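Take a look at the structure set out below.
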Amino acid sequence: MTEIEEYNILMIVNTYKNMCISMDTYCEFIKETRWADRIDPTTQLNLLKQGYFANIGACSIWVSKIIAPNHIRVSNQEISIAKDETKWSPECAIADFDMLTRLHKLKAFW
């Protein structure tokens, strides 16, 4: 995981209630020792089947097969299952997330 991706993950954790990532990204994420003490994984089988895998602070981590590796979706809505695409943002590369967030905050001059 690059420094930019780590910075963006930290920004997402502090901004959004939910993030959805691929299994590959989740495995890479939990291998990082600097995140190990912040991750609170779940072990309840029924929650894992719905895609809910862990918390980092107030942000829930969801894992889905439909997301490409190193991509992310975010949401501030209540999520009950990771596959419900209507409650998630469009998929975005983790490395590009900060740039897209800045673009969304700009005022449009017409």
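The values are calculated or read from the model by the stated rules, or taken from the named source; none is laboratory data. Note that the coordinates shown come from a computational prediction; the quantities given were computed from them, not determined experimentally. Here the Cβ positions follow ideal geometry from the backbone for every residue, glycine too, while neighbour counts run over all protein chains shown.
For region 28-47, a residue qualifies if it is under 17 Å from residue 3 (Cα atoms), assigned to a helix (DSSP H, G or I) and not aliphatic (A, V, I, L, M), and the qualifying residues are 28, 29, 31, 33, 34, 35. Selection within region 67-82: residues that are out of contact with any Lys or Arg (no Cβ under 7 Å at 6 or more places or on another chain) and assigned to a loop (DSSP other than H, G, I, E, B). The member of this set that is surrounded by the most Cβ atoms within 10 Å (Cβ to Cβ) is 82.
Of all the listed residues (33, 25), the sole one being more than 11 Å from the chain's Cα centre (by Cα) and at pLDDT below 95 is 33. For residues that are charged (D, E, K, R) and closer than 16 Å to residue 67 by Cβ, scanning just region 1-52, find the one that is surrounded by the fewest Cβ atoms within 10 Å (Cβ to Cβ). Result: 24.
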